[in-house]
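What follows is a single structure, written as structure tokens, with notes after it.
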Amino acid sequence: MKSFFRMTYPYILWIAVFIVAPMVMIALYALTRSGNSMLTFQFTLENFAKFLSDPTFMRVLWTSLRIALLTTVFCILIGYPAALFISNMSERKQTMMVLLLTLPMWINMLLKTYAWRGILLNFDLESETKVFIGMVYDFLPYMIIQIHTSISKMDRNLLIASYDLGANKWKTFLKVTLPLSVPGIISGITLVFLPAVSSFVIPKLLGGGDYVLIGNLIEIYFLQAGDWNFGSAISLIMALIIIASMYLTRRMDRNGQEA
Amino acid sequence: MKKILSLILTLCLAAGLISAAVAEDYDPVKEFGSNVLNVYNWGEYIDKDVISRFEKEYKVKVNYSLFSSNEEMYVKLQSGASYDVIVPSDYMIERLIREEKLQAIDKTVVTNLDQLLPEVMGLSYDPDNTYSVPYLWQNFGIVYDTTKIDPETVEEKGWDIFLDPQYAGHAYMYDSQRDSFMMGFKALGYSANTENEEEIQAAYNWLREVDKAVKPAYVTDEVIDAMANGEKWMAVVYSGDAAYILSENEDMGFCAPKQGTNVAYDAMVIPANASNPKLANVFINYVIDYENALAISEEVGYASPNAQVLEELSGPDGDYEGNAAYLPRTGYEKDEVYHDNQTLMTELAELWIKVMLHE
């Protein structure tokens, strides 16, 4: 075992250099006041106070969470029946269907979003609806694949046993299939909600300039306003929200499995 | 036999002469220290042939990279990236000079400076052109559909046309805090560089009025194609882009508002950490030379700093003859160049988010 552990060293080094170190720098920027020299640190919480006390920022945060949540819910509503449908097919057809589902992922997201922009240009929709359509389209495959994996792993004999004991199709779904596919839904939620809440390319391209989500706000503060400290503070708040939501989904997963 | 021999001899001699002419002791590495030049410029801002001609003529390799905003360029430079020639805008050059990030232009090499217009030289961001050589220039103004809006109305109202509710849903604004606030400052008769808190608040309210009155779409570069297609009636754009719009769609007109506007200059500079400053000076001199300046301005549509080029392109039979947007307005005392001011930029960015979010 010990000799295998050594093989993780490169990965640990990778994490330290490319994930931990930047996070520490972001935290450092977030907790300090702007000055031209890196050497004079002035610790302060004013960046966080500014974010939390301004109704505009809170509204942007709320919009981001709302649209991410809505995207996730719609991905489950569309993705679950699709995954169920696919897992009832023959083995060969299933492989084909999964391949077809992942096909759009081979194309760069930016290109797909530009294509959507061209399509949606012809419709008179609210910015939020356009962004929502773009997000559901982009993230749906992640949800379907996760749910499909957990359903197809399920032992088919359980269904036969359920029918044997007199349960009808609907009851079998509710009592057997659904509970056993919860882990798939949970990892689907993680894969959809997290990128959706911090997405900034889709709202920028589909929503137009007056549709600002938290990711766009961070971009504005880094590039247009040149206030790296406040930009870092928003990034850190985002990171905390993401960590909290991951923790919550994990707990849901554990509770689900215990039940 | 004799004939063949003499022919061979002649050929050898000729070959020797030719190879001598090409080599002629010229070695870019010996001459400049390196045969590589790193150029960092705006996207869609050059005629690519100028680069390849330069490469051939001087037997060097040009690495040409692109940025889309001054701030992006600054961040890249700050992170330690080394370039030999970059093309920032006026206020950014002012900042780079102040932070001692540039090195002086070698005027014994850049001898084509005398081809440039006096109007583009000695501006406030670099009064003696110690560090910068103008690349292209332009001013900010209104592009409008002459079949929908009377040119006289635009000339008469200037920026205030954006307060007229009869154009609701037919206007584009540019998603840039600096340019949008400049509209407000100028419409209210203030300086584009004001730091006065009351004036900033007044301009903020002016922009909120615009948001309510014409319900503009806030866009960036997509405005160019949209106006060329005539999708809306009016838009604020830089004259270089307007020149393109006007050449694509003859219904469109351009107006530099009477209340004054911003005149913007992009100029070539050599960063202090450049690895090949000698070749950089040669390149700068090459770019402003008549033939190359002509190719660039023709391709991009922004005004050239080269006097002869500007006259030719806007004159009879020029590519931009009769194009109201090609030639920027000069000598108008209400027009201003932006100054560098980081705290102001941050404050305006914050207010601008609120304008766009209809607060």
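The values are calculated or read from the model by the stated rules, or taken from the named source; none is laboratory data. On a predicted model such as this, the values are computed, not experimentally measured, just so you know. Backbone-built Cβ (ideal geometry, glycine too); neighbour counts: all protein chains shown.
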### Query
For segment A:177-220, how many residues are surrounded by 24 or more Cβ atoms within 10 Å (Cβ to Cβ) and hydroxyl-bearing (Ser, Thr, Tyr)?
2
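Okay, residues lined up against (1) in a helix (DSSP H, G or I); (2) more than 18 Å from B:TYR286 (Cα to Cα); (3) at pLDDT 95 or above:
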| site | (1), (2), (3) |
| --- | --- |
| B:LYS30 | yes, yes, no |
| B:LEU37 | no, no, yes |
| B:GLU44 | no, yes, no |
| B:PHE54 | yes, no, yes |
| B:VAL62 | no, no, yes |
### Query
Residues in segment B:61-78: is at least one of a type in the set (Val, Ile, Thr), farther than 18 Å from B:VAL269 by Cβ and more than 14 Å from chain A (Cβ to nearest Cβ)?
no
### Task
Identify the single condition in (1) touching a strand residue (DSSP E or B) at 6+ places or on another chain (Cβ under 8 Å); (2) away from chain B (no Cβ under 14 Å) that A:GLY208 does not satisfy, given that it satisfies every other one.
(2)
### Query
Taking the stated definitions as given, is B:SER247 in contact (Cβ under 8 Å) with a residue 40 or more places away in the chain, surrounded by fewer than 18 Cβ atoms within 10 Å (Cβ to Cβ), hydroxyl-bearing (Ser, Thr, Tyr) and within 30 Å of B:ALA104 (Cβ to Cβ)?
no
### Task
Name the one entry in A:PHE132, A:PHE123 that is surrounded by fewer than 17 Cβ atoms within 10 Å (Cβ to Cβ) and within 20 Å of A:ILE67 (Cβ to Cβ).
A:PHE123
### Message
With within 14 Å of another protein chain (Cβ to nearest Cβ) and either in contact with a Ser or Thr (Cβ under 6 Å, 6 or more places away or on another chain) or free of Cβ contacts under 8 Å to residues at least 40 places away in the same chain (or both) as the only criterion, which of A:ALA167, A:ALA225, A:ALA196 stands out?
### Response
A:ALA225
### Task
Pick out the one residue from B:LEU116, B:LEU123, B:LEU136, B:LEU102 that is closer than 28 Å to B:VAL300 by Cα and touching a Leu at 6+ places or on another chain (Cβ under 6 Å).
B:LEU102
### Query
Of the conditions (1) buried (at least 17 other Cβ atoms within 10 Å of the Cβ); (2) out of contact with any Pro (no Cβ under 6 Å at 6 or more places or on another chain); (3) of a type in the set (Gly, Ala, Ser); (4) touching a residue at least 40 places away in the same chain (Cβ under 8 Å), B:GLY158 fails just one. Which one is it?
(2)
### Message
Return the residues of segment A:91-150 that are under 22 Å from the mean Cα position of the chain (by Cα) and among the basic types (Lys, Arg); say none if nothing qualifies.
### Response
A:LYS112, A:ARG117, A:LYS130
### Single unsatisfied condition, B:ALA274 versus (1) part of a loop (DSSP other than H, G, I, E, B); (2) outside the structural domain of B:PHE181 (by TED's automatic domain parsing); (3) touching a Lys or Arg at 6+ places or on another chain (Cβ under 8 Å)
(3)
### Message
Six or more apart or on different chains, Cβ atoms under 7 Å: show the pairs whose first residue is in segment A:104-123 and more than 17 Å from A:TYR142 (Cβ to Cβ) and whose second is surrounded by 15 or more Cβ atoms within 10 Å (Cβ to Cβ) and at pLDDT below 90.
### Response
A:LEU110/A:VAL201; A:TYR114/A:LEU205; A:TRP116/A:LEU206; A:ARG117/A:LEU205; A:ARG117/A:LEU206; A:LEU120/A:LEU206
### Query
Is it fair to say B:VAL75 is among the β-branched types (Val, Ile, Thr) and either in a strand (DSSP E or B) or closer than 30 Å to B:THR261 by Cα (or both)?
yes
### Subset of segment A:15-33 (residues that are touching a helix residue (DSSP H, G or I) at 6+ places or on another chain (Cβ under 9 Å) and either assigned to a helix (DSSP H, G or I) or of a type outside the set (Ser, Thr, Tyr) (or both))
A:MET23, A:MET25, A:ILE26, A:ALA27, A:LEU28, A:TYR29, A:ALA30, A:LEU31, A:ARG33
### Task
List the helices (runs of 4 or more DSSP H) that sit entirely inside segment B:278-359 and contain at least 1 residues that are more than 24 Å from B:VAL210 (Cβ to Cβ), away from chain A (no Cβ under 14 Å) and in contact (Cβ under 8 Å) with a residue 40 or more places away in the chain.
B:290-300, B:307-314
## Note on the structure
If you go through B:GLU199, B:GLU250, B:GLU231, the only one that is within 14 Å of chain A (Cβ to nearest Cβ) and more than 23 Å from the chain's Cα centre (by Cα) is B:GLU231
### Query
Counting just the residues of segment A:108-120 that are under 25 Å from A:ALA83 (Cα atoms) and not aromatic (Phe, Trp, Tyr), which one comes out surrounded by the fewest Cβ atoms within 10 Å (Cβ to Cβ)?
A:ASN108
### Message
Kindly evaluate B:ALA242 against the criterion of being outside any helix (DSSP H, G or I) and crowded, with 24+ Cβ neighbours inside 10 Å.
### Response
no
### Task
Report whether or not B:ASP164 is surrounded by fewer than 20 Cβ atoms within 10 Å (Cβ to Cβ), away from chain A (no Cβ under 14 Å) and closer than 22 Å to B:VAL337 by Cβ.
no
### Summary
In segment B:236-288, anything of a type outside the set (A, V, I, L, M) and over 29 Å from B:LEU96 (Cα atoms) is listed as B:TYR244, B:SER247, B:GLU248, B:ASN249, B:GLU250, B:ASP251, B:GLY253, B:PHE254, B:CYS255, B:PRO257, B:LYS258, B:GLN259
### Message
Kindly evaluate A:VAL182 against the criterion of being out of contact with any Leu (no Cβ under 7 Å at 6 or more places or on another chain) and touching a residue at least 60 places away in the same chain (Cβ under 8 Å).
### Response
yes
### Task
Answer yes if at least one residue in segment B:176-183 is more than 13 Å from chain A (Cβ to nearest Cβ) and either under 26 Å from B:MET227 (Cα atoms) or modelled with pLDDT under 95 (or both), and no otherwise.
yes
### Message
B:ILE97 - would you say it is crowded, with 20+ Cβ neighbours inside 10 Å and more than 15 Å from the chain's Cα centre (by Cα)?
### Response
no
